[in-house]
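Everything on this sheet refers to the single structure shown next.
The values are calculated or read from the model by the stated rules, or taken from the named source; none is laboratory data. Computed from a predicted model, the values in this text were never measured in an experiment. For the accessible areas, the whole protein counts, side chains as well, though only heavy atoms, and no ligand, DNA or RNA atoms are used. Shrake-Rupley method; radii C 1.70, N 1.55, O 1.52, S 1.80 Å.
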Amino acid sequence: MLDVIFWNANPIFFSLGPISVRWYGLMFAIGFTLGYWIVAKMFRHEGAPEKWLGILLGYVVVATIVGARLGHVFFYEWPYYSQHPMDILKIWEGGLASHGGTIAIIIALFLFSRFVSHKPASWFFDKLVVPVALVGGLIRLGNLFNSEIYGGPTDLPWGFVFLRNGDVVASHPTQIYEALCYFALFGLLMWMYWKKNAEERPWLITGVFFIGIFLPRFLIEFVKNVQVGSEYELIAKYGMNLGQMLSVPFIIIGVGLVIWALVHPRQHFSFPNKFADEPASSKSRRK
């Protein structure tokens, strides 16, 4: 049995003069770096043009940051930000919503498919969501170091007392609950891609991702503290907070995508190799 854990981690990883690197930002950076490496391996595995990687990374980074920020602004604290619009830019003060980031990434991938690759969007979704599960887990660890987004009181032996916030009773470390779920999902998706060739069933990996991300999120929200005061009215009226209500459509979409993928035949997309865009004379000299 574990004793209660007194948590007072410093959210700053290290400082160099006026510059400070926070654990939260470090987790973000590690996640994107590993994600780029994983997707690059997938591209090489299937012979897709590697020049797409840098462009795709740009789309995803911008979509993640902008979408997550605007999701928090519009979903959770619009009454405040509508009166203080310049504070929307103060992203360093915190306030990111995963649902907003997800919506923005979906839009970004459809735009990338339409204007850059001219290939089915499903091919990119089924690659990108794999490292996104890993990034989600790392971000929740960043929340843990920030002593934020945790649950209500618990007498379970692994409860955390978040001293930085002046707590004196143990709470559910919901950041760890979510992180473990997302890391397990990442392992499942990697197994599906590399061992079961699930990429040959368009939208299957994406569907499993939506279920694996948002179903745990929906369930864990029951023991998580309310993030903004306006959610109390939603809970009283519907028995769910905003995070749960936003998760339901993604769970339904995920189930629908899995069913669609399983009832349709396997497909194998053909892509040019990484030298496909070089002049013919250059390729002939290499032979």
Student exercise: in the chain, how many lysine pairs 8 or more apart or on different chains have Cα atoms under 20 Å apart? 18
Cα-based radius of gyration of the chain once divided by 2.2 N^0.38 Å, which approximates compact folds: 1.11
Could you give the accessible area per residue of segment 29-172, probe 1.4 Å, as a whole number in Å²? 45 Å²
Quick shape summary for segment 1-129, equivalent ellipsoid via Cα gyration tensor, semi-axes whole Å in descending order, reads 31, 22, 15
Inter-part distance where segment 11-86 and segment 171-233 are each reduced to a Cα centre, Å: 18 Å
If you build the convex hull over the alpha carbons only and average its shadow over all orientations, what do you get for segment 62-120? Give it in nm² to one decimal. 4.4 nm²
